[in-house]
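Notes follow the structure.
Each reported figure results from applying straightforward, stated rules to the coordinates on display, with no laboratory input. As the structure is a prediction and not an experimental result, all values here were calculated from the model. Here the Cβ positions follow ideal geometry from the backbone for every residue, glycine too, while neighbour counts run over all protein chains shown.
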Amino acid sequence: METAELDCLNFGKLDSVEVLGTGIELFRAGRGAPLLFLHGIDGLEGSAAVLSELAKSFEVYAPSHPGFGASELPAGMDRVDDMGYLYLDMLGVLGLEAPLVVGTSFGAWAACEMLTKEPARASGLVLASPLGLKTADRREHWVADIFMLSKQDLAQRLQVAEPEGPTLFEMSEGQMLRALRADEALSLFGWTPYMCNPKLADRLHRITCPAMVVWGEKDAMIDPEYRLRWRDALPQARVSMLPGAGHRSHADKPAELAEQIGQFATGAA
Amino acid sequence: MKIWHFSEQAYHPAWKAEGGLRVTFPQYHCDPVEAGQLLNRYLDEYCLADELGLNIMVNEHHATATCMSTSVMTTLAILARETKQARLLALGIPLANRSNPLRVAEEIAMADCLSGGRLEVGFVKGVPLEVVVSNRQPTKFMERFWEAHDLILAAVSNLGETFAWEGEHFHYRTSALWPRPVQQPHPPMWGTASSASSARQYGKLGYTCATFLSGAVARSVFTGYRDAYIEAHNKLPSPDRLGYLAVVSCASDRAEAFRRAEAMKEYFIAAPRFDAQFRNIMGFNPVEANLRTLQAGASAMRPRLSNGGTLQTNGSVEDYMSAGLMFVGTPDEVYQQIAQFNVDVGGFGNLLMMGQAGLLSHEDTVDNLTMMAREVAPRLAELSDVPPLEVRYEGVG
């Protein structure tokens, strides 16, 4: 499909890259060390603010996940596990040996799926508000269910600030199409088991590069127990808390998150 | 025209509660003794329909006080034994919400066997909220539906050796139906549609296609069906390939019919009582369909009054009649309304009649069914075919 014009991403170049026959929408911006950014449930456009900050010190590569934005969805792809392979293939196409990998929310899950398969393909890993580890155990639930919330409730809960951007009914056709594709892809990858790969916890030990997990202090999408689950599954990771930020810490505190990522990269290098 | 009696078998005592009645409505609102009495009452009414010479339609829903039939095949298995002559229509089995289609085939075979070959089978997509309850994958929903459909038809019509099935979604080492169905190659098949495009697939297959409470849109549904039927089969479908579902209140006295219609209208108020996020489920409908729905606006899918206005949920009985969702009056009046609607939509051979709905009591239901069977059914049976209308697609979607 056609790559849309997204005003919020006017500080770089939005085009697409073909990965083994699949067109993947790719946003590139900035100069510096290479950084692969994997977006969350809010899509590439939801990360514009932090991408703008990161582009000040990195060469940023930010794809739309398969099925999101203007990225195609390969016929057989139905797990984030599959997506991990696609992103490894994409690194090859882009000639990126071992970029800094940054993933937020759903994208942090994708980053883990990629690096548990080929741990050497990152110089460092930053997980902001990660999903992907088991989100529940029987009647105990640690992540709010996006499929059971109204659109309005979800929009409110994702960040501390008021939701930015148009509602579904105020969108242009192009924007609407992107939002509806994101819904469908989230359902495909995250419906059940809810927003996780139950096998991921047993694979995370393979990630050996320097790692940092950043949590929004006011993340209303998760129960604090979920942070402990991540600490146990990735014990070598530095853990950082962003004051005043919600689940979309990249939207609430883009400059602060980018600064933490910059400092981490300096330490990791 | 044939009449099929249908009730959603509601647990209406819980409708007094505040808020939504579906998906997240806690079961402590249900008194199981009262529920059992109601279920038996609804079954008695189905049995009466059988005695009166009407046919029977059953549906299912889940996690809702608007419908206690949680398994269409369980209800029909009871009726297969309790009734003697009625055709028994499952409309329908929410196929893609069922995890084991071979089990569905077994249920079909057993009920057909028990009833001596009186079963008719409709597979339905179901409303979006059902997928929250079944928790089956919303994406590729219809792909799974059609694979399950193919597998079930292969299983019920199999007269050869057992077979293994390795599909995209379903996998079986062996398939042997014990018992197998009486009707061969399979019981008559039905589908449901609310637009010309969705009716086309059933026209192509030659299945009976029903549309529910859709008013004037039935005309484009039936036209879509006929066009596809003619393309595939090179002849006009007979009217018995088409069905329309409406609420019917019939009494010897017009005022009495309207009084009952008020009680039945409560069904229309209760059915949409659920939280907004369950109106659509992410991934359930294709992106293009969701886009068209969004662009058309919220009221586009609401039935229209004869003056072009939108039927409101809390509209009057007269509004529901004007939109073609209720037929109300004396036997003469009800006959006239149905005959006129039949002409307006281009002809159909099956009236799926909600002979009980909402708060309608047992006594009123008994009289309603009796009046319809004795006074209206014989006249509808003699209804002459309507020349099909030249209507192009006009429905949304």
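Which value, in debye to the nearest 20, gives the size of the charge dipole of region A:45-197 about its Cα centre, when Lys and Arg are +1 and Asp and Glu are -1 at the Cβ? Could the numbers behind the result be given before it?
Details: 11 positive and 21 negative charges, 66 e Å.
Here region A:45-197 has a charge dipole of around 320 debye.
What does the C-alpha gyration tensor say about the overall shape of region B:130-236? Classify as rounded when a/c is under 1.5, otherwise prolate if a/b is larger than b/c, or oblate.
On the way: a/c = 2.34, a/b = 1.45, b/c = 1.61.
Verdict is oblate for region B:130-236.
Need the full-extension length gain, residue B:379 to residue B:82, defined as separation in residues times 0.36 nm minus the C-alpha distance. One decimal, nm.
Values: separation 297, 0.36 × 297 = 106.92 nm, distance 2.73 nm.
The residue B:379-residue B:82 span can extend by a further 104.2 nm.
Which order do the peptides A:42-50, B:375-383, B:72-80, B:32-40 take when ranked by the mean count of other beta-carbon atoms within 10 Å per residue, highest first?
Values: A:42-50: 24.4, B:375-383: 16.1, B:72-80: 21.8, B:32-40: 12.4.
Descending mean neighbour count gives A:42-50, B:72-80, B:375-383, B:32-40.
Can you work out the PRE-style zone for residue B:100? Point 7 Å along Cα to Cβ, and I want the residues of region B:132-158 with backbone N under 18 Å.
From region B:132-158, the list is B:134-137, B:148-149, B:151-153, B:155-156.
What average count of beta carbons from other chains do you get within 10 Å of the Cβ of residues in B:279-287?
Details: counts 1, 2, 5, 13, 12, 3, 2, 2, 11.
Taking the mean over all residues of the peptide, I get 6.
Out of all DSSP beta bridges with both ends in chain A, state the antiparallel percent to the nearest 5.
Values: 14 of 37 bridges.
Antiparallel bridges: around 40 percent, rounded to the nearest 5.
Evaluate peptide A:33-43: per residue, the Cβ atoms of other protein chains within 10 Å of its Cβ; return the mean as an integer. Intermediate values should be presented prior to the final figure.
Details: counts 0, 0, 0, 0, 0, 0, 0, 0, 0, 0, 0.
Averaged over the peptide's residues, the number is 0.
Compute the Cα gyration tensor for chain A, then decide on rounded, prolate or oblate, letting a ≥ b ≥ c be the square roots of its eigenvalues: rounded whenever a/c is under 1.5, prolate when a/b is larger than b/c in the other cases, and oblate in all that remain.
Working: a/c = 1.19, a/b = 1.03, b/c = 1.15.
The shape class here is rounded.
Could you list B:178, A:230, A:142 in order of exposure, starting from the residue whose Cβ has the fewest other Cβ atoms within 10 Å?
Fewest-to-most Cβ neighbours within 10 Å comes out as B:178, A:142, A:230.
Between residue A:202 and residue B:295, what is the label-point separation in nm under the 7 Å Cα-to-beta-carbon projection?
Taking the simple label geometry, residue B:295 and residue A:202 are separated by 4.8 nm.
Tell me, rounded to the nearest percent, the portion of alpha carbon pairs in chain B spaced more than 40 Å apart. Walk me through the numbers on the way to the answer.
Working: 8033 of 78606 pairs.
Above the 40 Å cut-off, chain B has 10 percent of its Cα pairs.
Top mean-square fluctuation among B:104, B:248, B:328, Gaussian network model of chain B, C-alpha springs under 10 Å?
Looking only at B:104, B:248, B:328, the biggest GNM fluctuation is shown by B:104.
List B:149, B:169 from most exposed to least, where exposure is judged by having the fewest other Cβ atoms within 10 Å.
Details: B:149 20, B:169 16.
Sorted ascending by nearby Cβ count, the order is B:169, B:149.
Give the residue list of trypsin sites (Lys or Arg not before Pro) in region B:71-134 that are DSSP loop and have at most 16 other beta-carbon atoms within 10 angstrom. It would help to have the intermediate numbers written out before the result.
On the way: sites: B:81, B:84, B:87, B:98, B:103, B:118, B:125; in loops: B:84, B:87, B:98, B:118, B:125.
Sparse-neighbourhood loop trypsin sites (Lys or Arg not before Pro): B:84.
Could you please state, rounded to a whole Å, how far the C-alpha centre of region A:71-121 is from the C-alpha centre of region A:158-174?
So the separation of the two Cα centres works out to 27 Å.
Expected output is a single nm value to one decimal: the length gained when fully extending between residue A:97 and residue A:10, i.e. 0.36 nm times separation in residues minus the C-alpha distance. What is it?
So the extension gain works out to 28.6 nm.
Given Cα pairs under 8 Å that are at least 6 residues apart, what percent is the relative contact order of region B:2-381?
Result for region B:2-381 is 20 percent.
So for region B:2-381: antiparallel DSSP bridges make up what percent, rounded to the nearest 5?
On the way: 4 of 39 bridges.
Expressed as a percentage, antiparallel bridges in region B:2-381 total about 10.
Highest mean first, what order results for A:162-173, A:8-19 on Cβ atoms within 10 Å?
Working: A:162-173: 12.2, A:8-19: 15.8.
Packing order, densest peptide first, comes out as A:8-19, A:162-173.
If you count the DSSP beta bridges with both ends in the protein assembly as shown, what percent of them are antiparallel, to the nearest 5?
On the way: 18 of 76 bridges.
That works out to approximately 25 percent antiparallel.
Under a point spin-label approximation (7 Å from Cα along Cα-to-Cβ), what is the residue B:332-residue B:29 distance to one decimal in nm?
About 4.3 nm separates the two model spin labels.
What does the charge dipole of chain B about its Cα centre add up to, to the nearest 20 debye, if the Cβ of each Lys and Arg holds +1 and the Cβ of each Asp and Glu holds -1?
Values: 34 positive and 43 negative charges, 169 e Å.
The calculation lands at about 820 debye.
Which of the three applies to the protein assembly as shown, rounded, prolate or oblate, going by the alpha-carbon gyration tensor with a ≥ b ≥ c and a/c under 1.5 meaning rounded? Walk me through the numbers before you get to the answer.
Working: a/c = 2.23, a/b = 2.08, b/c = 1.07.
Verdict is prolate for the protein assembly as shown.
Give me the distance in nm between label points sitting 7 Å out from Cα along the Cα-to-Cβ direction at residue B:40 and residue B:235, one decimal.
It works out to 4.9 nm between the two label points.
Give the residue from B:149, B:111, B:380 lying farthest towards the positive end of the charge dipole for chain B; charges sit on Cβ (+1 for Lys and Arg, -1 for Asp and Glu) and the dipole is referred to the Cα centre.
Result: B:149.
Quote the charge dipole size of region A:7-268 about the Cα centre in Debye, to the nearest 20; the model charges only the Cβ of Lys and Arg (+1) and of Asp and Glu (-1). Spell out each step's value before the answer.
Working: 24 positive and 35 negative charges, 151 e Å.
That gives a dipole near 720 debye.
Which lysines have a Cα less than 30 Å from the Cα of residue B:265, not counting those fewer than 8 places away in the same chain?
B:2, B:16, B:125
Sort A:129, B:306, B:175 by Cβ crowding within 10 Å, fewest neighbours at the top. If you can, show how the numbers build up before the last one.
Numbers: A:129 30, B:306 13, B:175 18.
Result, fewest neighbours first: B:306, B:175, A:129.
Hey, quick one: spin label on residue B:169, modelled 7 Å out along Cα-Cβ, who in region B:101-121 has an amide N within reach, i.e. under 13 Å?
Answer for this model: B:101-102.
Return the loop-located trypsin sites (Lys or Arg not before Pro) in region B:205-299 (DSSP other than H, G, I, E, B) with at most 14 other Cβ atoms within 10 Å of their own Cβ; answer none if there are none. Before the final figure, lay out each step's value.
Numbers: sites: B:219, B:226, B:235, B:241, B:254, B:259, B:260, B:265, B:273, B:279, B:292; in loops: B:235, B:273, B:279.
Hits after loop and neighbour filter: B:235, B:279.
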